Every structure is written in C-alpha cells, then in structure tokens.
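Please treat every number below as a calculation from the coordinates, not as lab data. This is a predicted model, so every value here is computed, not measured. Glycine gets a Cβ as well: all are built from the backbone with ideal geometry, and neighbour counts include every protein chain shown.
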Amino acid sequence: MGGVPLHGNVCIQGSKNAALPIMAAALLHEGITVLHGCPKIDDVFCMEAILKSLGVVSWWEGNSLFLDCRNVEGTQVAEEFTGKMRSSVILLGVLLSRMGEGCIGYPGGCVIGKRPINLHLMLLRKLGARIEERKEGVYASARCLKGCHVVFSFPSVGATEQGILAAVCARGTTYLHNCAREPEIWWLQDFLRKLGARIEGAGTGTIRITGVSRLRDVEYRIPPDRIVAGTYLCAGAATRGKIVLENCPAGELEAFLRVYGKMGGQYERNSGTLIADSRKAKLPVAYLETAVYPGFPTDLQSPLMAVLAVARGESCLVENIFDDRYKVAGELGKMGARICVHGRTACITGVPELTGCEVTAMELRGGAALVIAGLAAQGETVIHGCSYISRGYENICQDLCSLGGRIST
C-alpha cells in the first residue's frame, strides 16, 4: 500500500559491489579472512557457494563472514553458479594466480543489454595467460603471470577488478591504464593492502600493482552501500518524506545529491549520517546522463525514474552505460507513469499520482524502482520477480517499513 510519506531513521547495509570482489580477493590468500558487516544478500550467498565449491570453508557469525581458504583445490566454476551472477567472472584471474589455471562458466546477472567480457580476456592474455573460449565457458592457464602494461578501451569496473586481482601475485609490476574510478575499486585496493598486496592508484586512471609472494590473514569491514543509500533517498523523494540515513557514504553520492538538490530536496551531512528532507522535492530533471564515476550512477537511473514519474513537469534521462536498461519503464507505465523511450533516451512527464497494480521486476535496480513507485502510488501494488531485488538489498522491506512504508511479503 502506498501514498504515505516516509519518515524516520534507517541504517545502510554493507556494499554488494564492494563485498563481491573482496570475497574473490580472499581466495588469493592461503589463510583465513573475516569480513565484518557483509550484506546477507543473494549475490553474496552465490559467491559464497562458488568459493565453497572450490574448497573454501565458510561460516557466519552475525553479519561477519569467515572464509578459510587454506585447502582450496578446485579450479572450475560451474555455469550453474556463474549464470546467476556476472561478477563471478573476476574469479578467473584469482584462480590463474593461485592455481595456475581456471575454468569459469559464462557470467550472468541482470539482463540489461550487452555486457561482454572481452576486456577481461584481453588483460589476462597480456599477463601471460592462454585463453580458450569453449562452449561451456572460458578456460585459462598460465605457468606464471607476468607484469605488463594494460590500456582499457573503456573504464570497466569488472575488468579493472580483474586486472588488480590477477596482478597481485604476478611476477613484476603491472600498470593498468584508463581504469574505473568507482569507490568500490578503492575499497578493493584498501582490502588488498591490508592483505599485504603492493598496490596504489585506485580512484585515478592508472593503477600500479607490484606482485608479492605472500599474503596474510586479515579482518576487514565492508563499507556501506552507496546504491542502497541512493535507493532509499529516492523512496523518500517519491513519497515526499523526511528520512535519516545512518552509516551513509554521502561522499560517494555527490552526483546523486546534486540532482536531488535541483529537484528541491534538502539535505544535511553529519559524521556518517545524512538527513534528507524531500517534502519539496517535486521539480523535474530537465536533462541527465548516466556516466562512469564520478558521474551519475547507472544503478540509480531506474530508482530516479520512479521519482520523476511523479515530479511536476518533464524530465529527460540518457543511459550511457547499458543499452537496454529501460525495461522498468513499461511496468511503471502500467501504474500510470508517462514515459516515452527512444533508444538510450527516456522522456518522463510527471503525473499527479500513480495507481497501484500488478507489475514484474525484470532486473535488480528496476525492481527497486517498482518498490519506490509502489510506495508513492495510491492503492495496492503487487510486485512479481522479487528474487531480483534480493540479489542486492538485504532488508529492503523491513527498512522501508521502519520508515512508515506499508509492505508485506
């Protein structure tokens, strides 16, 4: 049931996009890694299952995940795992580094356009790997990975993570150029440094990794999820509420907060807490393009679309990262939203209110957008395909209910 402004405090969960590569990185070390504040979401459980299939022993204590990687023997990641989650592809470089070979089924995840792995394979070949693309997946082998210079044609987050992980224990020094600058790259560097890796440059276009032969046990806290924080800010904006986000990475949300301010939202930061007053957040966004960090994140494009569907006026969104990320527009249209999509551009004419109905989530962030729209709509909204949402949100129903949302599962 929607139509109720959100009010109250909520704590932001650990970051999905930081946790997954850090979990993969733990496999580089023949010891025990403890990850505190790890989100209990389906993608993390899937990565945990993959690691266990390779010989890792894992267990949970509260929100702390323990990974004992001392007796890893497996080198093959079945497509039954990788078909569910795209980020699993970064395990190929880790397996090469630790085991000398690896075979990984083709990665899956959300169906949001073409997402090739050519950059991953290019950099592994440059490091000295022999790659075979087989029907069942990608097989790679190398007697010894060797440092080199790699220039990415696009600042891909996944390829940057792949390059870092493959180079940590390679012989010599590796330079990665035109790297992704997303905060999750910095967090991966921070974790690897504590593990004993020699790496610098995360957050810039060039990253330098000097290979090491030994790593050490480490305990590490997963940072808060900037996309979850942005999603909850959108929920507050769509319902014209006032919420307080605790454990909020506001510094990683600059691009979003600029847009939020232009819409009429008011916010205040205070040592890890963000107070967001959306009671006047009714203005449209004349023109906005998604971009690599520090630009507006593609993962918040769909949640923002749900907000703009009830803004006063016309908005225009341009999706530059993925070529098919407007699937949610049709579902929002069922609720009364006026959205016209032309290729990579979506034009949204705000309506006074949305009307609840039955809709279907087709991918993670689009599913979150439907939750936001349901909170803003009059009447009851039924969302099918919620398994997509649980891939990235630990307690979205509980969190939004704590703010006054009326949600049942």
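The table for this structure:
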| read-out | value |
| --- | --- |
| Rounded to 5, the percent of DSSP beta bridges in the chain classed as antiparallel | 65 |
| Residue pairs, from the table K52/K126; K52/K327; K52/K135; K194/K242, whose Cα atoms sit over 31 Å apart | K52/K327; K194/K242 |
| Eligible aspartates and glutamates near K262 by straight Cα distance, threshold 20 Å, same-chain separation 8 or greater | E252, E254, D277, E289, D299, E314, E319 |
| Residues K40, K242, sorted so that the one with the fewest Cβ neighbours within 10 Å comes first | K40, K242 |
| Test item: Cα-centred dipole of the chain, Lys/Arg +1 and Asp/Glu -1 on Cβ, debye | 840 |
| Cα-based helix-to-principal-axis angle, 42-53 vs the chain, degrees rounded to 10 | 20 |
| Sequence ranges 151-158, 370-377, ranked by mean other-Cβ count within 10 angstrom, highest first | 370-377, 151-158 |
| Computed helical MRE - 222 nm, the chain, DSSP H runs ≥ 4 contributing -39500 (n - 2.57), nearest 500 | -9000 deg cm²/dmol |
| Anchor K16: lysines whose Cα lies under 17 Å away (excluding residues fewer than 8 positions away in-chain) | K40, K84 |
| Per-residue ³J(HN,Hα) for segment 347-363, Karplus 6.51 cos²θ - 1.76 cosθ + 1.60, θ = phi - 60°, Hz, x for Gly and Pro | 9, 10, 9, x, 10, x, 7, 9, 10, x, 6, 8, 9, 10, 6, 10, 7 |
| Footprinting exposure proxy for Y139, Y287 (fewest neighbouring C-beta atoms within 10 Å first) | Y287, Y139 |
| Residue-count net charge about M335 - beta-carbon cut-off 14 Å; Lys, Arg +1, Asp, Glu -1 | -2 |
| Identified option (computed log10 I(q)/I(0) by the Debye sum over Cα atoms at q = 0.06, 0.08, 0.11, 0.14 Å⁻¹; candidates [x] -0.32, -0.54, -0.86, -1.15; [y] -0.24, -0.42, -0.79, -1.20; [z] -0.36, -0.58, -0.91, -1.27) | [y] |
| Selected from L51, L288, L195 as most flexible by GNM, with the chain as the system and alpha-carbon contacts under 10 Å | L288 |
| Segments 227-239, 178-190 sorted - mean Cβ within 10 Å per residue, highest first | 227-239, 178-190 |
